[in-house]
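Report on one structure; see the data block that follows.
The values are calculated or read from the model by the stated rules, or taken from the named source; none is laboratory data. Computed from a predicted structure; not experimentally measured. Don't worry about glycine lacking a Cβ; one is built from the backbone with ideal geometry, like all the others, and counts go over all protein chains shown.
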């Protein structure tokens, strides 16, 4: 059975699990500034998978679309945040921020969030030099977007046994996990039937800087995982899978726009809550 694997929302905290820290009192005011940095591709792609018994195939092809998804994402985030808070929202360029530091910008110490000493320079730059009270980043790293439906592949290690069995099991499982990066159309052909999805690999980090806090504790954005990749039931299979009709690309764009609507609303709710 086919399974679309939702690429998880990664919150900016050290480790990987939400903690049980006490949320601070936090209310964005007119004097507060929220920075948003968006580092996603300019164009969507078509990721096509052909699943075969002996060897999988497919291709990845860029699509020249005038979607301007980056600007739309920023505008929607800005509008929703300003609806529910008094804060100023500014767009930052990726070269203004160390994107690699953001997932570990904060850490928990004595059951409280603090600036991670390893990235104190980056924290001070955001909080002091740029004067930010919160930072939101959206990136699109490579993620698993599809699984052929057999997590049981890991059981191969049990039948073979030992380190060799584990290696074989992991290798089999890895061939079943299909990765991509960015956003666009995902098509999967199996046994002569093709299914179409709008997909994205967006990874969203949210950090409050004053006081330091990561909203991962609240779990308010976790529901976004469930709608990240959406099957397009009205997508008509083309005569040539390499040539997708503009009307069908519009279905993909609409699904992605609906997704970022929800992202903007949920991020805004997180920042507007009295934590």
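Some notes on this structure:
- Residues in the range 50-78 that are in a helix (DSSP H, G or I) and surrounded by 14 or more Cβ atoms within 10 Å (Cβ to Cβ): 9 in all.
- Qualifying residue in the range 40-58 (condition: under 16 Å from the mean Cα position of the chain (by Cα) and at pLDDT below 90): no
- Scanning the range 80-94 for residues that are more than 20 Å from the chain's Cα centre (by Cα) and surrounded by fewer than 17 Cβ atoms within 10 Å (Cβ to Cβ) gives 82, 83, 84, 86, 90.
- Residue list for the range 66-120, filter: within 27 Å of residue 199 (Cα to Cα) and without any contact (Cβ under 8 Å) to a residue 40 or more places away in the chain: 66, 68, 70, 71, 74, 75, 95, 98, 100, 101
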